[in-house]
Each structure stands twice: as C-alpha cells, then as structure tokens.
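Chemist: First, the structure itself, so that you have it in front of you.
Just so it is clear, none of the values below were taken in a lab; they were calculated from the coordinates. In this text the structure is predicted, and so the values were computed from the model without any measurement. Positions of Cβ are generated from backbone atoms using ideal geometry, with glycine treated the same way; all protein chains shown enter the neighbour counts.
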C-alpha cells in the first residue's frame with residue numbers, strides 16, 4: 001500500500017460506505033468516514049438479512065440479479081463466519097404462482113443462478129410444515145449477519161489507517177472554484193470544518209438531503225420504506241420466497257431463533273418520518289399465511305423498517321424500480337463529489353470497489369484492489385487492542401453458554417473502539 005496525500009471523506013458508514021473506505025484506504029488514500037449514528041445503523045442494518053442469490057430479481061431486473069449472484073459468491077468467500085448457508089426455496093401457493101415458475105427457472109439460468117426443481121412430494125415430505133406448497137425450486141440464497149459483517153469491514157479499513165467518526169453528522173459540503181473544498185460536521189454538540197479533496201456521498205436514502213443542504217441539486221433517489229416482522233421461532237431452516245414477481249410479504253427468513261417476514265415497499269418523502277401501521281403487519285402475515293399457515297400462530301416479537309435508496313428516474317413505482325446502482329458525479333465539480341444511488345446490501349462490496357476505481361481515475365492512480373480477509377482482520381484487531389477491557393470482555397464470552405452471541409458482543413466492542421475517530 002502506497003501512502004498518498006489526497007484526503008477522501010466518505011459520508012455514511014453503511015455497507016457502501018465502509019467498503020468504499022476500505023478499498024480507498026487500501027489504495028493509499030487518507031480516508032475519513034462520517035456517520036450521524038453508529039456503523040451499520042441505517043438502511044444496511046435494518047434490512048431482512050438475506051444475502052441474495054439474485055433469483056428474486058431474475059425475471060424483471062437481470063442486471064441486478066447478475067450482480068447479486070456474483071457478489072453472493074464473493075462475500076461468502078470472504079465472510080463465511082457471518083454467513084449462514086441456509087439455501088432458499090421458491091414456493092408456489094396457487095396455480096398462477098406455479099405457472100410463474102417456468103419463467104423464473106429460465107430467467108435464473110440465463111443469468112447464471114443455480115436453480116433446481118425439487119419434486120413437490122419430496123419437498124413436503126422433508127418440510128411437512130410447508131404442505132400448502134404446489135411447486136418448489138431451490139436457489140442459493142443465504143442469511144448474513146449484517147452488523148458483525150459491516151463492522152468487520154470497517155475494522156479492515158481502520159487497520160489500514162481510515163479514520164471513522166461515528167455520531168458525527170455532516171451538515172454541509174463546502175465547494176470552491178468548481179470542486180469540493182471540504183465539509184462541515186457536528187460532533188458531540190460542536191461544529192467542525194475539515195478540508196477534503198473528494199467527498200463520497202454514501203448516505204443512501206438521505207443522499208439528496210445532504211446535497212440540498214449544500215446548495216446542490218438532489219440525486220434521483222426514491223426513498224422506499226419496507227417493513228419487516230420478527231416472529232418468534234423458525235418455520236424453516238431455509239429461506240422461503242413466494243414464486244411470483246417481487247411483491248409485498250413474499251420472503252420469510254430464519255434469523256437466529258426467529259423468522260423475519262418481509263417486506264413492503266412504500267415511497268416516502270422523508271426517510272426519518274415513516275411509521276409502520278398495525279394494518280401493514282396484519283396484511284403481511286395474512287398474505288404469507290396462504291403459503292405458511294403456521295405463522296398465524298407465531299407470536300410477533302417486534303417489527304422494524306428500513307428505507308431503500310431506489311433509483312427514481314427508472315420508475316415511479318417502488319416495486320418495479322431497479323435494484324442496481326449508480327455512482328453519480330455532480331455536474332461541474334470534476335468528479336470531486338460522488339453520490340451512490342440504488343443498490344442492495346448484497347452488492348455493497350461492488351459499489352465500494354467501483355467508487356474506489358472512480359477516485360483513482362480522477363487522481364490518475366492505479367492499484368490492484370484486494371478484498372479484505374475478515375478472519376485476519378478480527379485476529380489482527382484483537383492482537384492490537386488486546387489490552388482494551390471492552391475487547392477482553394467480548395472475547396471472554398467465547399466458550400460460555402452465550403457463545404453464539406459473542407460475535408455481536410465483539411462487533412459492539414470493535415465499533416466502540418474505531419468509531420471514536422482520531
């Protein structure tokens with residue numbers, strides 16, 4: 001890694017932001033990450049937990065589907081400790097959905113997604129709780145533990161020299177003579193100004209707001225709220241998808257000892273002001289109960305929502321909008337301000353890599369980017385901070401009755417250490 005003097009600010013410590021920070025730091029840039037909350041506290045930390053195979057989008061968004069299956073394999077290789085290889089099934093609850101299976105099968109094959117028809121008698125014999133299914137197809141969907149994964153990527157960036165300032169809200173991007181000059185941010189009640197050569201706006205559904213506060217045009221982002229319902233207990237050890245075009249209440253995931261039912265899609269003006277209604281929860285349960293009647297008897301533990309940063313100009317409908325992404329350069333600023341729009345958690349690594357490549361082209365530099373080795377990151381972090389009591393406490397949970405939650409404890413510890421900034 002060659003050290004460079006150019007200073008890069010990344011706004012947003014979600015999946016896109018931390019991967020951008022990692023690849024930029026790996027390339028030798030002086031990187032600072034800002035987030036108004038904790039690492040992974042926004043959209044990335046509020047999704048349903050699926051590491052997509054791309055099958056969900058194969059029939060109506062082939063580009064996104066192709067990105068998903070490629071990234072599914074790549075992330076599984078670098079982050080096996082955070083990924084549960086549950087597999088997924090597309091299940092038909094009626095004749096229309098069963099007929100849709102032919103279209104789904106062909107579309108998956110075209111974009112390189114492994115999909116296998118499972119004889120329905122065999123499937124029901126192995127999954128009697130899902131006896132309402134009329135057709136079943138297996139795909140390589142997986143479950144990923146978002147917080148642990150994103151924090152470990154942030155830790156990789158930190159070990160390469162990136163400065164990570166959590167609970168530091170960027171108020172304004174400063175401009176001068178047709179380029180970025182720096183930014184203004186609030187931290188612990190005080191306002192600071194800092195100079196930067198390039199700013200990466202990775203704030204998801206808030207990407208337009210930060211530009212508007214800086215006197216710039218908004219990005220073509222369409223904030224879309226999605227509700228998830230956490231049910232007590234597991235219906236299946238695999239992910240369940242409804243065999244139909246993407247719609248509301250058609251995903252059911254095993255997550256820890258619970259099931260997560262998702263999701264809805266409602267366009268909102270203000271990502272901070274959305275509030276799920278009881279009717280949303282009831283509708284989602286009723287819809288999935290056509291296929292999985294058992295969920296009617298499962299206690300609802302809680303519900304939550306995330307707001308997706310969909311690309312507005314491609315569709316005014318949240319369901320039909322592409323799940324692919326764009327990296328936009330603000331007109332007249334010579335690639336010194338880049339904004340990420342769209343994308344999914346599954347494609348966050350790809351976004352970060354492409355952001356780093358854009359920045360390198362701007363400065364005329366070249367670097368062979370290498371993915372983080374997250375196993376090595378955790379070991380190196382523990383070694384560097386072994387004397388820190390918070391790390392010692394999290395490590396101490398290993399080998400105890402609560403060991404399955406030790407990873408979350410360690411992620412909190414790592415975030416607490418690296419999020420303080422320099």
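Chemist: With all distinct Cα pairs included, what does the Kirkwood hydrodynamic radius of the chain come out to in Å, to one decimal, could you say? Show your work: numbers first, answer last.
Modeler: Details: mean 1/r = 0.0451 Å⁻¹.
It works out to 22.2 Å.
Chemist: What's the extension gain from residue 96 to residue 267 if we count 0.36 nm per residue and subtract their Cα-Cα distance?
Modeler: Values: separation 171, 0.36 × 171 = 61.56 nm, distance 2.75 nm.
Net length gain for the segment: 58.8 nm.
Chemist: Whole Å is fine, so just give me how far the alpha carbon centre of region 161-198 lies from that of region 50-93.
Modeler: Taking the Cα centre of region 50-93 as reference, the centre of region 161-198 is 36 Å away.
Chemist: Can you tell me the FRET efficiency between residue 63 and residue 172 if r is taken as the Cβ-Cβ distance and R0 is 30 Å, rounded to the nearest 0.05? Write down the numbers at each step before the final one.
Modeler: Working: r = 34 Å, r/R0 = 1.14.
For residue 63 and residue 172, the calculated efficiency is 0.30.
Chemist: Can you give me the orientation-averaged projected area of the convex hull built on the Cα atoms of region 1-149, in nm²? Could the numbers behind the result be given before it?
Modeler: Working: hull surface 44.5 nm².
Quarter of the Cα hull surface area: 11.1 nm².
Chemist: Sticking with this structure for a sec: How much length is gained if the chain between residue 404 and residue 193 is pulled fully straight, taking 0.36 nm per residue apart and subtracting their Cα-Cα distance, in nm to one decimal?
Modeler: Working: separation 211, 0.36 × 211 = 75.96 nm, distance 4.22 nm.
Separation in residues times 0.36 nm, less the Cα-Cα distance, equals 71.7 nm.
Chemist: Here is a follow-up. So what's the angle, to the nearest 10 degrees on a 0 to 90 scale, between helix 62-78 and the longest Cα principal axis of the chain?
Modeler: Helix 62-78 sits at roughly 80 degrees to that axis.
Chemist: Something else: Would you mind calculating the relative contact order of the chain from Cα pairs under 8 angstrom and at least 6 residues apart, reporting the percent as a whole number? Please list the in-between numbers first.
Modeler: On the way: 942 pairs, mean separation 94.1, N = 422.
Once normalised by length, the contact order is 22 percent.
Chemist: How would 358, 349 line up from fewest to most surrounding beta-carbon atoms within 10 angstrom? Intermediate results must be reported in sequence, preceding the final value.
Modeler: Numbers: 358 16, 349 25.
Listing 358, 349 from fewest to most nearby Cβ atoms yields 358, 349.
Chemist: Dividing the convex hull volume of the Cα atoms of region 162-255 by its residue count, what figure in Å³ per residue is obtained? Could the numbers behind the result be given before it?
Modeler: Numbers: hull volume 17.6 nm³, N = 94.
It is 187 Å³ per residue.
Chemist: For 273, 207, 394, what's the fewest-to-most ordering of other Cβ within 10 Å of each Cβ? Working shown, then result.
Modeler: Working: 273 8, 207 24, 394 21.
Fewest-to-most Cβ neighbours within 10 Å comes out as 273, 394, 207.
Chemist: How much of the DSSP bridge set in the chain is antiparallel, in percent, rounded to the nearest 5?
Modeler: On the way: 57 of 76 bridges.
That works out to approximately 75 percent antiparallel.
Chemist: Measure nothing fancy, just the Cα-based angle from helix 374-384's long axis to the longest principal axis of the chain, in degrees from 0 to 90, nearest 10.
Modeler: That helix lies at roughly 50 degrees to the long axis.
Chemist: If you fit an axis through the alpha-carbon atoms of helix 406-418 and take the longest principal axis of the Cα set of the chain, what angle between them do you get, 0 to 90°, nearest 10?
Modeler: Approximately 20 degrees, to the nearest 10.
Chemist: Packing-wise, with mean Cβ within 10 Å as the measure, how do 58-65, 152-159, 278-285 rank, highest first? List each step's numbers first, then the result.
Modeler: On the way: 58-65: 20.2, 152-159: 25.9, 278-285: 15.1.
Packing order, densest peptide first, comes out as 152-159, 58-65, 278-285.
Chemist: With n ≥ 4 as the cut-off for DSSP H runs, can you work out [θ] at 222 nm for the chain, using -39500 (n - 2.57) per run divided by the number of residues, rounded to the nearest 500? It would help to have the intermediate numbers written out before the result.
Modeler: Numbers: 11 runs with 133 residues, N = 422.
Mean residue ellipticity at 222 nm (helix-derived): -10000 deg cm²/dmol.
Chemist: Arranged by the count of other C-beta atoms within 10 angstrom, fewest first, what order do 243, 78 take? Display every interim value, and only then the final one.
Modeler: On the way: 243 26, 78 20.
Exposure proxy ranking, most exposed first: 78, 243.
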